[in-house]
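The values are calculated or read from the model by the stated rules, or taken from the named source; none is laboratory data. No experiment lies behind these values; they were computed from the predicted model shown. All Cβ positions, even for glycine, are placed from backbone atoms using ideal geometry, and neighbour counts span all protein chains on display. Just the protein is used for accessible areas: all its heavy atoms, side chains included, with ligands, DNA and RNA removed. Shrake-Rupley method; radii C 1.70, N 1.55, O 1.52, S 1.80 Å.
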Amino acid sequence: MQNTRAPGAVLVMGAGAIGCYLGGCLQAADVPVRFVGRARVLAALRAQGLTLTDLDGQSRALSADMLSLHEQIPAGLAPSLVLLAVKSGATAEAAAALAAALPAGTPVLSMQNGLSNADVGRAAAPGLRWLAGMVPFNVAELAPGRFHRGTTGALAAQDDPALRALQADFERAGLPLQLHADLRAVQWGKLLLNLNNPVNALSGQALRAQLMQRGYRQCLAALQIEALQVLKRAGIAPAQVAALPPQRVPGLLRLPTPLFRLIAARMLRIDPQARSSMADDLARGRATEIDALCGEVVRLAESLGLQAPLNARMVALVTAWPQRPVALDVRAMKAALGL
Ligand SMILES: NC(=O)c1ccc[n+]([C@@H]2O[C@H](COP(=O)([O-])OP(=O)(O)OC[C@H]3O[C@@H](n4cnc5c(N)ncnc54)[C@H](OP(=O)(O)O)[C@@H]3O)[C@@H](O)[C@H]2O)c1
């Protein structure tokens, strides 16, 4: 039995792509990890363990007996840190479950996309210590129990003593963790990149194949330009999360493909099989995080008395997709966005 009161014990809430990848890396580095997840995912982990691979060619395998797997948060735990890795729509429910099971003041780091998950968690469970985080890379479930990191980058989080105490563990696990006094700018920088999620999901193509088509890149550039204009009016300077400053990414995206391929070589360091997780959500008929991405741009615009019509149209397109589940080719996507 693991000692969950030992310094460094981590609870993963939401054992999916991100939860299994981050928790698996930590466990492989001898940080005791408890995974809380759904029966479907846990059954696969019990049957064949957890295999983590990445685009650098690394492969790590954790046998089932090295994993501590739970459908409910076990009673009596006092983890040093909770990594919250459920989709945005599941945050409030997960927060309530954490509050019911864990001591007041337990730090919970949201590893979710979007801007508001730590705030949503705090509202649902004010007794826990809510911290915002950011995962820059893509993780896909290639098969049950097999999770693949398809892109690169360092984790980011708001600075906190609980995270400083674990920074060396994260580093040892191959998960460098950068701490920031204010994560807002980093979250907006990531959100700008995540505006590709709906473009990718609606294209029906793998990420790399989709990014190699100029028309889809033009759709993404238009969504980003609109968001950048709103951010400028709001006085928010998004941080650089990719190889280029955010203001220069749309120009890069709009280049003809042969030039883009040359100049964006680092951005295109993506496994051919990598997809956005929104594509998986649409394929499985699950709720998407469109409201936490384009929806945030629309809300920020509205708060300033402005509009963000392209991002609003993207919210509508993704929301309507289950009624007419047909992939959009470039021409159809441009027409739907009014480009
Ligand atoms: N995947 C990526 O590449 C990536 C990269 C960066 C950031 N992110 C962000 O990370 C977050 C998680 O994404 P993901 O792709 O890892 O999602 P995911 O694969 O769907 O994993 C989330 C898992 O948590 C489970 N869950 C939900 N509520 C739960 C609860 N109360 N108790 C236990 N398990 C619960 C879900 O089950 P159900 O399906 O039954 O709800 C699902 O199995 C999202 O905000 C996403 O935007 C993802």
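Kindly rank 285-298, 153-166 from highest to lowest mean number of other beta carbons found within 10 Å of each residue.
Most protected by this proxy first, the peptides run 285-298, 153-166.
Sorted by average packing, counted as other Cβ atoms within 10 angstrom per residue and highest first, what order do 62-73, 109-120, 10-21 take?
10-21, 109-120, 62-73
If you average the sequence gap of Cα pairs under 8 Å that are 6 or more apart and divide by the length of segment 1-110, what percent do you get for the contact order?
Taking the mean separation of contacting Cα pairs over the length of segment 1-110, I get 32 percent.
Per residue, how much accessible surface does segment 102-163 expose to a 1.4 Å probe? Answer in Å², no decimals.
For segment 102-163, the per-residue accessible area is 31 Å².
Amide H of D54: which non-local residues (sequence gap of 5 or more, or other chain) have their own amide H closer than 5 Å, using H built in the peptide plane?
R149
List, largest first, the extents of the alpha carbons of segment 43-89 along their principal axes, each in whole Å.
Cα extents, longest axis first: 37, 27, 23 Å.
Segment 158-201: percent of C-alpha pairs farther apart than 13 Å?
So the portion of pairs separated by more than 13 Å is 64 percent.
Determine the equivalent ellipsoid of segment 232-339 by diagonalising the alpha-carbon gyration tensor, then write out the semi-axes as square roots of 5 times the eigenvalues, largest first, rounded to whole Å.
Semi-axes, largest first: 24, 22, 15 Å.
I'd like the Kirkwood hydrodynamic radius of segment 92-154, using the inverse of the mean 1/r over distinct C-alpha pairs, in Å.
13.1
Can you give the translational diffusion coefficient of the chain in µm²/s, computed by Stokes-Einstein from the Kirkwood radius over Cα pairs at 37 °C and 0.692 mPa s?
The diffusion coefficient I find is 161 µm²/s.
Give me Rg/Rg_expected for segment 1-81, where Rg uses Cα atoms only and Rg_expected = 2.2 N^0.38 Å with N residues.
The reported ratio for this selection is 1.03.
Using label points projected 7 Å from each Cα along Cα→Cβ, tell me how many nm separate A332 and A287, to one decimal.
It is 2.7 nm.
When a/c is below 1.5 the answer is rounded, else prolate if a/b is larger than b/c, else oblate, so apply that to segment 72-120 with a ≥ b ≥ c taken from the square roots of the Cα gyration tensor eigenvalues.
Prolate, because a/c is 1.5 or more and a/b exceeds b/c.
Translational diffusion coefficient, Stokes-Einstein: compute it for segment 125-269 using the Kirkwood radius over C-alpha pairs as Rh, at 37 °C and 0.692 mPa s, and state it as an integer in µm² s⁻¹.
It diffuses with D of about 195 µm²/s by this estimate.
Can you list the aspartates and glutamates whose alpha carbon sits under 19 Å from that of K87, skipping same-chain ones fewer than 8 residues off?
Those aspartates and glutamates meeting the cut-off are E71, D119, E141, D280, D281, E289, D291, E296.
Got a number for carbon plus sulfur as a percent of the chain's accessible area, 1.4 Å probe?
54
Would you calculate the convex hull of the Cα atoms in segment 24-149 and tell me its volume per residue in Å³?
Convex hull volume per residue, Cα atoms: 109 Å³.
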